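Heads up, the thing below is written out as structure tokens.
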Amino acid sequence: MNDIIIDKVYEFEIKNFSFGDIPREELVQNFKDGRCCSWFMEPQVTKWFPSLTRVHGNKDHDHVDQNGVKYDAKNFTKNGLEFKPSNQLGAGRSFNESVAHAKAESLVYICCDIVDFPRIRVKFAKGNDLIKTYPKCKIPKKKREEFFNDQSC
């Protein structure tokens, strides 16, 4: 159980994971993909940080705390981390900076580094701080270590 401290980097190791007859190494590769891993990381975060409650369904955020603060979980993968609204991610979708910034200003992001899965790093970052440093709402892969070693966005 951990208290949420903004900009602190937490480290975890996922030790127990399996599915049917899929070899562990194949699962590791799958869990390095944010599309797969997010389904498992969102509930896992509530185990590490019990002050968070998961919000089910396709809402504009993934978690909320007892004070009503909204959190959105995003995964840092081999391609970096994008904290754009979901409707601005993916092929054929365009980035609207003013909409993305307005959303970011209302959230705390749970930035989960899954590149070295099963080793996970987690950093809570205020959206308004992130957009100052990353106005395009993307942390490039080359900035990964800088982001997770920096104790303030």
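For the stretch 9-146, what is the Kirkwood hydrodynamic radius in Å, using each pair of distinct C-alpha atoms?
On the way: mean 1/r = 0.0642 Å⁻¹.
Evaluated over the stretch 9-146, this radius sits at 15.6 Å.
Among Val99, Val45, Val122, which one shows the biggest mean-square fluctuation in a GNM of the chain, springs joining Cα atoms closer than 10 Å? Comparing Val99, Val45, Val122 in the GNM, the peak value goes to Val99. Taking amide H as placed 1.01 Å from N in the peptide plane, the amide H of Asp62 sits under 5 Å from that of Tyr71, Asp72, Ala73, each at least 5 places away or on another chain. Of the beta bridges in the chain, as assigned by DSSP with both residues counted there, near 75 percent are antiparallel. Each of Asn128 and Ser106 was given a label point 7 Å from its Cα along the Cα-to-Cβ line. The distance between the two points is 1.5 nm. Panel note: the C-alpha atoms of the stretch 40-119, placed on their principal axes, show extents of 36, 32, 20 Å (largest first). Here's the picture: a label point sits 7 Å out from the Cα of Ser18 along the beta-carbon direction, and within the stretch 30-61 the residues with their amide nitrogen under 18 Å of it are 30-31. Under a Gaussian network description of the chain, with springs only between Cα atoms under 10 Å, the residue in Arg54, Arg119, Arg24 that fluctuates furthest is Arg24. With 0.36 nm allotted per residue and the present C-alpha distance subtracted, the Glu146-Asp3 stretch has 49.2 nm of extension available. For the chain, a Gaussian network of Cα nodes joined below 10 Å ranks Asn75, Asn128, Asn96 by mean-square fluctuation, and the top entry is Asn96.
Here, each number is a calculation from the coordinates, and none is a lab measurement. For clarity, every value in this text was computed on a predicted model and none was experimentally measured. Note that each Cβ is placed from the backbone with ideal geometry, even for glycine, and that neighbours are counted across all protein chains shown.
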